[in-house]
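Before any comments, here is the structure.
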Amino acid sequence: MQIEQQLADIQNVVDDVLKLALSKGATQAEASMSKVQGIAVSSRMQEVENVEFTNDGGLGISVYVGKRKGSASTADLSKAALTLAVEKAVDIARYTSEDPCTGLADADLIATEFPDLDLYHPEELDTEKAIKTAIEAETAAMNYDSRITNSDGASYNANLGMRVYGNTHGINAGYPSSRYSLSCMVIGAQDNDMQRDYAYTVSRKASLLQSASAVGIEAAKATVDRLGARKINTANVPVLLHRDIASSLFGHYVGAISGGSLYRRSSFLLDSLGKQVFPEWLNIEERPFIKGGFASSSFDNEGVACSDMTIVDGGKLATYLYTTYSSRKLNTRSNGHAGGIHNWLVGDTGHSDADLLKEMGTGLFVTELMGQGVNGVTGDYSRGAAGYWVENGIIQYPVHEVTIAGNLKDMFKGIVAIGAEKDVRGSVQTGSVLIDQMKIAGS
């Protein structure tokens, strides 16, 4: 069946469910339906460990009876099951408390244009090819260096899916998408030291993935480079976060400026709109319509139209991120962030990673972060880290078993430079981030 027909069939189901909800007494309703087909293959020590096929879907519906809300979901898409889900959602709504902030997004915010964002590039879900790819990555890693002694495995994943959202304001729209990925993690040993590291590649198009051997070699090289890791003494020094992990720093910013944190008054960036949060040279733009982007969409999870936005302007907090509910709690309007952000492009200072090391001089180059020691209310930050000690801009030796600590407010303002070499494999596209000073807890 052609993808257009599958999409139309799902839209028909959503339309029927919405009409049924109104007939059962709902004053408003919204429904979301998804279908996914996929394959996941993992190998370990160059032998197949696991093969999984996915072929599932489900529908979720929320109904509003006045200012009362009820929700239900079902993986059974038969007419009887869908009818039961709607009836249960309406029953639940009748017994819940009224909430003045509940309900669909405002009708004038709902998306009406749905451009093709080039998110769907289907390939046959070929088990043999997937197995061959995973084993090839592992083989390349194991053959890279005699110090690679063991493997945590390689995984190849392919997913083809589609999502449709509709509500009683009139939107009933969806899109198909594809995602392919390959990862490899290996273990190295030297003397009494053992280390592990990994590499991965991800794309909307299978043909644009890095080669299996390149992924394996990258994982092995990263592992070998970490052998001989040492502890270092406690100190206050500059810290350079590698681009692979730097996006997590901006992930904490996302949480701090999200409406849910704001109306609960649980953010360290309360009442900071228009205030200086980052250096004056830093801008962050949101671009939902990037062709093939990992977070591209023309509408959010509530049907609100996405738009290009400036998130940070000259280092100042330019906007908060609102869903319909949080915006009403805060007496404003949704700006299309139900379900998350849409392709953040973080500005840079034009430095290469080598330039950033020189700029840092002496300090810690962090390539791995561990733990969840971040307090979103106070901004206090403390996470386990591993990486490399740098002197005079030159990497000296690998470092492990340290903790880096600070406060996110100070860390944001203390960003000295951001690299031009970007990691584009997620919803935040950023280069490596150099922070002027953090506390390193070591020996």
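The values are calculated or read from the model by the stated rules, or taken from the named source; none is laboratory data. Everything numeric in this text was worked out from a predicted model, so none of it was measured. For neighbour counting, all protein chains shown are included, and Cβ atoms are generated from backbone atoms with ideal geometry for every residue, glycine included.
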I'd like the full set of residues that are closer than 30 Å to Ala220 by Cα and aromatic (Phe, Trp, Tyr), limited to region 39-73. Phe53
Taking the criterion of being free of Cβ contacts under 8 Å to residues at least 24 places away in the same chain and in a strand (DSSP E or B), would at least one residue in region 422-433 satisfy it? no
Reported set for region 58-84 where residues are without any contact (Cβ under 8 Å) to a residue 40 or more places away in the chain, among the aliphatic types (A, V, I, L, M) and part of a helix (DSSP H, G or I) is Ala80, Ala81, Leu84
Among the residues of region 197-220, what is the count of those that are surrounded by 17 or more Cβ atoms within 10 Å (Cβ to Cβ) and either outside the structural domain of Ala40 (by TED's automatic domain parsing) or among the basic types (Lys, Arg) (or both)? 1
Taking into account only those residues within region 52-80 that are β-branched (Val, Ile, Thr) and under 25 Å from the mean Cα position of the chain (by Cα), which is farthest from Arg163 (Cα to Cα)? Thr54
Here is a list of conditions, (1) assigned to a strand (DSSP E or B); (2) among the polar types (S, T, N, Q); (3) modelled with pLDDT of 95 or more, and Asn55 meets all of them except one; can you say which number that is? (3)
Among the candidates Gly228, Gly251, single out the residue that is under 24 Å from the mean Cα position of the chain (by Cα), closer than 29 Å to Leu356 by Cα and surrounded by fewer than 17 Cβ atoms within 10 Å (Cβ to Cβ). Gly251
Somewhere in region 98-110, is a residue at pLDDT 95 or above, closer than 23 Å to Gly293 by Cβ and buried (at least 21 other Cβ atoms within 10 Å of the Cβ)? yes
Condition test on Glu30, is it in a strand (DSSP E or B), more than 20 Å from Tyr120 (Cα to Cα), under 26 Å from the mean Cα position of the chain (by Cα) and of a type outside the set (A, V, I, L, M)? yes
